[in-house]
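Chemist: First the structure, then my questions, so here it is.
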Amino acid sequence: MKKWIPICLLVLSAGYASAQQPPVSKPWRFHSVNTVGLLAAEAGNAFQLQTVNGAQFKSWFLGAGIGLDYYRYRTIPLFLDLRKEFFSGPDKLFLYADAGVSFAWVSDNQKSGYLDEKFSNGFYDDFGLGYKRAIAKHSAFILSLGYSYKKLTQTYTQYNFYTDWLPGFGPASQMQKYNYAMNRLSIKIGWEF
């Protein structure tokens, strides 16, 4: 019986020593970045909302995002998000770049009122610099400032009712097409987990 005591003590001490080792961190981690923000440019200010979900490997993050963009015409941006973090510890700086499609979801009060008015989807991008502050083990506060761009195309027929009823009287009805390129300053605040 006495010879089992040293063996038990050895097994228990090995188990205790292995329990004291720091856990091995996984090289890939899932993140969700959720932000609200303000878009500002010559047409005024507007609200934006975004969620980005993806994976981080060391200081690099790649994810897919979707949002609501209310600047001038309401749209739904769908995009890829790439981020690079700098520094270690609770305070980090990061660069980000987003690129994708801005899907038109124009509200009735934003339309001109033409019978066949249509809005086509366009390009979307957003890039800038951000600050990240850890507030828990896997949670952080996010603040970013960037440049955002979205493009939409509006088409409709401008009818000339005199020409439609009396041929040869004035110009004919014409298809109108407007390309909107919207450059904005983007300020976002959010939470990453």
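Just so it is clear, none of the values below were taken in a lab; they were calculated from the coordinates. Note that the structure is a prediction, hence the values are computed from the model and not measured. Using ideal geometry, Cβ is built from the backbone for each residue, glycine included, and neighbour counts are taken over all protein chains shown.
Chemist: List every residue pair whose Cβ atoms lie under 8 Å apart, where the two residues are 6 or more positions apart in sequence or sit on different chains, the first residue falls within region 182-193 and is in contact (Cβ under 8 Å) with a residue 40 or more places away in the chain, and the second residue, located anywhere, is surrounded by 21 or more Cβ atoms within 10 Å (Cβ to Cβ) and not in a strand (DSSP E or B).
Modeler: If the second residue must be surrounded by 21 or more Cβ atoms within 10 Å (Cβ to Cβ) and not in a strand (DSSP E or B), the pairs left are MET182/TYR71; ARG184/TYR71.
Chemist: Also, quick follow-up: Which of the following residues is under 14 Å from LYS188 (Cα atoms) and touching a residue at least 12 places away in the same chain (Cβ under 8 Å): GLY146, GLY100, GLY122?
Modeler: GLY146
Chemist: For region 98-155, give me each residue that is within 24 Å of PHE193 (Cα to Cα), of a type in the set (Phe, Trp, Tyr) and touching a Lys or Arg at 6+ places or on another chain (Cβ under 9 Å).
Modeler: TYR131, PHE141
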